[in-house]
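Here is the structure we will look at, set down as structure tokens.
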Amino acid sequence: MGVLMRRNAIIILMCIELMLNAVNLLMVTFSKMHQNSDAQIFVFFIMVVAAAEVSVGLSIIVMMYRKMRSIDVNILNRLKN
Amino acid sequence: MNAIIISAILGVIMMFAGIFFKKTSTIQVTAILGSLALLVATFFDHQLVAADTKTYFKMIEVSAYTAWFNMLITFCTLIYFLIFHRDISRVGKNDADYFALMFFILCGVYMLSSYSNLLILFLGIEILSIPQYILAGSDKENVKSNEASLKYFLMGSFSTGILLMGITLIYGATGSFDLYNENFIQQFQSAEGLNTLAFSGILLLLIAFAFKVSAAPLHFWTPDVYDGSPTAFTPFMATIAKVSVFIAFIRLFHYSFGNISSHWQTAIAAMIVLTLLIGNITAVYQQSVKRMMAYSSIAQAGFMLFAIFAFNSTSWQGLILYSVSYTLASLGVFAAILKMKDYTYEGFNGLAQKQPILAATTTICVLSLAGIPLTGGFFAKYFVLSAAIEQGKWVGLVIFAVLMAAVSVYYYFRLVRSMYFQQGDAELKYEPNTVENTLLIINATLVIILGVLPSILL
């Protein structure tokens, strides 16, 4: 929900991370339920990919801030006709 | 199999090439030679694959279809590099890095076309997406490019979260990520025995895929991102990256969820109707050709969804034909957009007098996108629609699609009209040289060859 409601780009990013963490938790739970460890390995992959994604995302936000002096996503309407 | 490793290594080589080679022309030559090497690698993969081969702990499965698709998509990339290499270097100072990112995207493409484990599906989609976020924002001085990149990143990672949730729920229902595991197959054996967990997982996966291929209720990011990113990268993102997600889509939904197609087919039918309607109708009202191409790529995705919808071998052939003809035709049109100073319809006025070759090749590509006979687009549309007719029940949907193709002829021909029949002086940003003209002619010839002999791809 945070992704849809919030207007600050960094908070949206944090909400996305929260979604990924929810998935991690669910993965580990199911792994315990099924008595096999595939999902626990999967969790490591999700962590690595999430880290890569955050590093790209934060640098995009910094680039945006340098140009616009703001990280409010509401001002992102220049592309609309 | 080799192609996955070689493309990743080539990406690293390109990054080092940026340090060691100071001249841009050397970097461009390295990139083109690299894609040539990749083409050879995929060719060997294609030759070596006799039956379906599984490698890497049974996580990757290469079939003849996959290897053939990989080879064709690498060929399209080679053509893209040949036509656009100078424009890629003009985007910014770090041209070697752009080529490197594209090789990494190709690595993701090979993973997506040959996964047999949901882990590889997830990794492939991420390796495909993250470089695209960077490429969209590579023109740092341009606010529109920054904006496109941020929008694409936020929306893309949101859809990644949805994809992961879908994978997790399917794991919860089956206890395995392997598509060929006994429990996995058994769970999706019949429509009655389907567990709620698995069903919601399939639904979430469908949403995530629809997002990545920009199908209708989730298409809103597409026009902004394709319009905002540097024009040199838009064709790559709109064609090669997009059609490979379609291959992943069709693999998962036909191989694994094929027996329970009654559960998802209606959802895809609704998506097709919305995608075709929104894509084509909005494209009619655009003034900028680049934005029109973005909406037309949504509309073309609607046609490609027919291949997922129809459940037979014709749809597999149709998808591969559609991928290649759509890619080649889009490359031709974007090559013309790049050369123009003003890429609205008015900017194209009178191009035919100034640059007859550029105008002619663009016309052929546009005709192919509209699906006029004797071009590749006609047979591509014919195959995916006839796959839907073989299905039987949904003839109304096919008639609707044909009507929408007729609508698309309007905005494609508007471009042809302004090039040939309007007076004006089309100002060019870059004059095309002989080499580029030759390449564009070759590209247009390939589009026509596909229209005359579509069977060479099957």
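Read the figures in this text as sums done on the coordinates, not as results from a lab. Keep in mind it's a predicted model, so treat the numbers as computed, not measured. Positions of Cβ are backbone-derived with ideal geometry, glycine not excepted, and every protein chain shown enters the neighbour counts.
When the Cα positions of B:Met304, B:Ala336, B:Thr53 are compared along the charge dipole of chain B, B:Ala336 comes out farthest toward the positive end, with charges on each C-beta of Lys, Arg, Asp and Glu.
Expressed as a rounded percentage, what relative contact order does chain A have, with Cα pairs under 8 Å and six or more residues apart? Averaging sequence separation for qualifying contacts and normalising by length gives 35 percent for chain A.
Could you tell me how many degrees, from 0 to 90 and to the nearest 10, lie between the Cα long axis of helix B:2-20 and the main elongation axis, the longest principal axis, of the Cα atoms of chain B? Here the helix axis deviates by roughly 40 degrees. Kindly identify segment B:369-416 as rounded, prolate or oblate by the Cα gyration tensor criterion: order the square roots of the eigenvalues as a ≥ b ≥ c, call it rounded if a/c is under 1.5, otherwise compare a/b with b/c, prolate if a/b is larger, else oblate. Oblate, because a/c is 1.5 or more while a/b does not exceed b/c.
For segment B:1-146, a crude dipole built from +1 on the beta carbon of Lys and Arg and -1 on the beta carbon of Asp and Glu, taken about the Cα centre, is about 340 debye to the nearest 20. Relative to one another, the C-alpha centroids of segment B:257-319 and segment A:31-78 are positioned 29 Å apart. For the segment B:215-227, counting C-beta atoms of other chains within 10 Å of every residue's C-beta and taking the mean gives 1.
Cβ-Cβ distance of B:Ile448 and A:Ser37, R₀ of 56 Å, FRET efficiency by 1/(1 + (r/R0)^6): the value works out to about 0.55. Quick check on chain B: helices-only [θ] at 222 nm, where DSSP H runs of length 4 and up contribute -39,500 (n - 2.57) each and the sum goes over total residues. Nearest 500, please. Rounded to the nearest 500, it is -25000 deg cm²/dmol. Label sites at B:Val409 and B:Tyr285, each approximated as a point 7 angstrom past Cα along Cα to Cβ, lie 2.4 nm apart.
Which angle from 0 to 90°, rounded to the nearest 10, does the C-alpha axis of helix B:241-250 make with the longest principal axis of chain B? Roughly 20 degrees between the two axes.
Along chain B, the longest continuous region that contains none of the trypsin sites (Lys or Arg not before Pro) in a DSSP loop with at most 14 other C-beta atoms within 10 Å is B:94-340.
Under the convention that each Lys and Arg Cβ holds +1 and each Asp and Glu Cβ holds -1, the size of the dipole of segment B:385-458 around its Cα centre is about 320 debye. Neighbours of B:Gln265, meaning other residues whose beta-carbon lies under 15 angstrom from its beta-carbon, give a summed charge of 0 when Lys and Arg score +1 and Asp and Glu score -1.
Only one residue of A:Met68, B:Leu450, A:Leu58 has its Cα farthest out toward the positive end of the dipole of the protein assembly as shown, where Lys and Arg carry +1 and Asp and Glu -1 on Cβ, and that residue is A:Met68.
Cβ-to-Cβ counts within 10 Å put A:Glu17, B:Glu141 in ascending order as B:Glu141, A:Glu17, the fewest first. If R0 equals 25 Å, the separation of the Cβ atoms of B:Asn437 and B:Leu78 corresponds to a calculated FRET efficiency of about 0.85.
Take each residue in A:17-24, count the other chain C-beta atoms within 10 Å of its C-beta, and the mean is 4.
Taking 16 Å as the cut-off, the amide N atoms of segment B:54-88 that come nearer than this to a point 7 Å along the Cα-to-beta-carbon line of B:Val40 belong to B:75, B:78.
Model label sites at B:Glu182 and B:Leu277, defined 7 Å from Cα along the beta-carbon direction, differ in position by 4.8 nm. Here the protein assembly as shown is assigned +1 on the Cβ of each Lys and Arg and -1 on the Cβ of each Asp and Glu. Its dipole about the Cα centre then comes out at about 1040 debye. For peptide A:68-74, the mean count of partner chain Cβ atoms within 10 Å of a residue's Cβ comes to 1. The angle separating the long axis of helix B:289-309 from the principal Cα axis of greatest extent in chain B is about 30 degrees. By the count of neighbouring beta-carbon atoms within 10 Å, fewest first, B:Glu436, B:Glu431, B:Glu147, B:Glu192 end up ordered B:Glu192, B:Glu431, B:Glu436, B:Glu147. As a rough footprinting exposure proxy, the listed residues B:Leu403, B:Leu358 were ranked by other beta carbons within 10 Å of their own, and the order from fewest upward is B:Leu403, B:Leu358.
What whole-number distance in Å separates the alpha-carbon centres of segment B:12-50 and segment B:150-225? Their Cα centres are 34 Å away from one another.
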